[in-house]
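The values are calculated or read from the model by the stated rules, or taken from the named source; none is laboratory data. The structure presented is a predicted model; accordingly, all values stated were derived computationally and were not measured. All Cβ positions, glycine included, derive from the backbone under ideal geometry; neighbour counts span all protein chains shown. Ligands, DNA and RNA are excluded from the accessible area calculation, which covers all protein heavy atoms including side chains. Shrake-Rupley method; radii C 1.70, N 1.55, O 1.52, S 1.80 Å.
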Amino acid sequence: MKDKVLIANRGEIALRIMRACQDLGLDYVVIYTAADEGSEHVRRNLDSKSNRRRAWRVASYTEPNDILAVADHTKCTAIHPGYGFFSEDFRFARRVTVRDQPLTFIGPKWEVIKDLGDKINTKRVANQLGIPTIPGTDGPIYNEIDAEEIARRLLEDQAERDIQQPSILVKAAAGGGGMGIEEVHEIEHFRRVYRQVQNYAKRQFGDSGVLIEQCLRDYNHLEVQLLCSRHGERVHFGTRNCTIQSTGRQKRLEAAPGFDSSCFPYEFDAPAIQDRIVEYSLKLASHVRYDNVGTWEWIVSRNGQPYLLEVNTRIQVENDVSARISHLDGKHPNLIREQIRLALGDKLGYSQSDIEFRGASIELRIVAEDAQRGFAPWIGTISQFSYPEHEWSVVYSHVPTDRPYAIPSDYDPNLALALVWGDSMAEAKARARRFIGEMVIEGSNAAGAPIVTNLQYLADNMDRLLTF
C-alpha cells in the first residue's frame, strides 16, 4: 500500500508539497482554516466532480487534535509539517510517531529535533567538535560575579582585536524570538543590565539563567543545505546568502552561492570559507546522525571568520535557491520531493560526486508590506496578480491569478516566492530586476488605498547581495 500524506501547512509550501507528492505518485490531504478558504492550496482540492475529498477544514494549523483527527479519518500514513507551525516541535513529532495509529513524520527523528532545536545544546556540541560558535557562554549563567568576569574577557578580547564599538549581548537563556536581550558596551554597566535581564527571565520564563556572547555587527548570514538519509548517507547542496532581511529578521532576498567575488572584494578566500562551513556542517550532522533535510545557519565576519548560529531541522522557505545552482543527472533537484522520499525510508541513491554546482540563483520574497514604515503589513484585497513566465524563473504562490483574493489578517501577508537564475550572479541580478519590473500586483484596502508591496525594496537592495 502506498503512503498517503497529510499536509499540515498552508499557502505556497502546501502547494509545493502537493506537487512533490504527485510527482512521487502519493495521495495527499490538505487542511485549511476559515481564513484560508480563498487560498489556491484549498481551491485546487475542492473538486466537486471527484468523489475523493482532499481538503479538510480545521480550527487552527496549531491544533494537533484537529489535525490528527483528519489524518485518522482520511487514513493518512505520514504527515508533512512544512515550515513554521509544528515543523520543529519535537513533542509533536514524537506524538505522531508513538501514538496508537502512528504516522511517519516527514522530517528528522524527534530526538534530533529536540537536541538541535535547543540552541544552547547545539552550541555546546559544536564546541566539543571544534566547530566555531559565537564567543561567549554555551550554557546559562546564574552567578553575577562569574557573569561579570566572562563579560570583561569578551570586551577585552574585542578591544585587543581592534573591533570597532566592542559590545556584548546579555540574553535570557530560556527566551526566544528576540525577547530578553540587552546590549552592553562598557563593563561598568554590566551588573545593572545583568540583574535586569535575570529578573525579566525569571518573571517571563521561570528561569533566571542568562547567556553572554559577543555582539557581531558586520557580517554575512550564510546557510548550508544538507540532505541526509536514515541509512547514514549525507550530501550538501552548497551555500546560500540570506543577509538582506527586514527589521524583524525576516529574510527578503536570498542568493546562491553564498559568496561571489563579482559582488564584493572580500578580504578572505571566499571559496575556502564556504568549503570550511560545509565541512563543519557535515561533521555535526554525522555526529548527531541527522536523517532528513536540514539547514546549518552561519554568520561570517568581514575578515572571514565563520560562526555556527543554529540548525533548522526542517525544509526552509529558500530551499530552491540552493537547488537552482545544483545539477543532478542534468536536472535541478526538488528538495521537498527528496525530503519526502527519504523520510519514507528510501536510500539517497547518489553521492556528493554526482552533484555539480554552476551558475547563480536569487529568491525574491514578495510581501504585502510597507518597507518605508518598518515593514508594516498591508491588509486588503488583491484585484490583479500576474507575473512573467520565463525559462529562467519560477513562482510559488497561493494567490489566485483569475479572481480577487482577500489577504487574511491571521497570517503574515506573504504573496509569492520568485526564483530566478543565470549563468552568473550578474545575469541573475539583471533577470531579477526584469522580473520585478514585469510583475503586476493591484488591489486596495477597506479605505480604498492602493496595495503596498515590497517590490521596490527588493529592486533597491539587489546590489547589496553578497556584500559587506
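So here's what we get for this one:
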{"item": "Packing rank of 219-229, 385-395, 82-92, 67-77, where each peptide gets the mean count of other beta carbons within 10 Å, highest leading", "result": "219-229, 82-92, 67-77, 385-395"}
{"item": "Difference of contour (0.36 nm per residue) and Cα-Cα distance, A447 to T62", "result": "135.4 nm"}
{"item": "Loop-located chymotrypsin sites (Phe, Trp or Tyr not before Pro) in region 260-333, at most 16 other Cβ atoms within 10 Å (DSSP)", "result": "F268"}
{"item": "DSSP-defined antiparallel bridges as percent of all bridges, the chain, nearest 5", "result": "85"}
{"item": "Centroid-to-centroid separation of region 110-171 and region 239-258 [C-alpha atoms, Å]", "result": "24"}
{"item": "Spin-label model distance (nm) - K75 vs E267, 7 Å beyond Cα toward Cβ", "result": "6.4"}
{"item": "With DNA, RNA and ligands ignored, accessible area of M179 (1.4 Å probe; Å², nearest 10)", "result": "80"}
{"item": "Using a Förster distance of 25 Å, the FRET efficiency for D402-A35 (Cβ separation, nearest 0.05)", "result": "0.80"}
{"item": "GluC sites (Glu not before Pro) lying in DSSP loop within region 171-212, provided at most 14 other Cβ fall within 10 Å", "result": "E186"}
{"item": "Separation in nanometres of the label points that stand 7 Å from Cα toward Cβ, at H390 and S409", "result": "3.8"}
{"item": "Principal-axis tilt of helix 144-160 within the chain, Cα atoms, nearest 10 degrees", "result": "90"}
{"item": "q = 0.15, 0.19 Å⁻¹, region 301-386: log10 I(q)/I(0) [Debye, one scatterer per Cα]", "result": "-0.90, -1.09"}
{"item": "Volume per residue of the C-alpha convex hull in region 98-213, rounded to whole Å³", "result": "142"}
{"item": "Sites R99 and V193, calculated FRET efficiency, Cβ-Cβ separation with R0 45 Å, nearest 0.05", "result": "0.50"}
{"item": "0 to 90° range, to nearest 10: angle between helix 119-128 axis and the chain longest Cα axis", "result": "60"}
{"item": "Three-way shape label, region 366-461, alpha-carbon gyration tensor, a/c 1.5", "result": "prolate"}
{"item": "Computed [θ] at 222 nm, deg cm²/dmol, the chain (DSSP H ≥ 4; -39,500 (n - 2.57); rounded to nearest 500)", "result": "-9000 deg cm²/dmol"}
{"item": "Scattering curve values for region 160-229, log₁₀ I(q)/I(0), Debye with Cα scatterers, q = 0.15 Å⁻¹", "result": "-0.60"}
{"item": "Principal axis dimensions, region 30-135 - Cα atoms, whole angstrom, descending", "result": "59, 32, 20"}
{"item": "For percent of Cα pairs over 33 Å apart, calculated from these coordinates, the label among (1) 36; (2) 41; (3) 51", "result": "(2)"}
{"item": "Sites V440 and L46, calculated FRET efficiency, Cβ-Cβ separation with R0 30 Å, nearest 0.05", "result": "0.65"}
{"item": "Protection-proxy order for peptides 257-265, 365-373, each taking the mean of Cβ atoms within 10 Å per residue, highest first", "result": "365-373, 257-265"}
{"item": "Angle in degrees between helix 190-205 and the longest Cα principal axis of the chain, rounded to the nearest 10", "result": "30"}
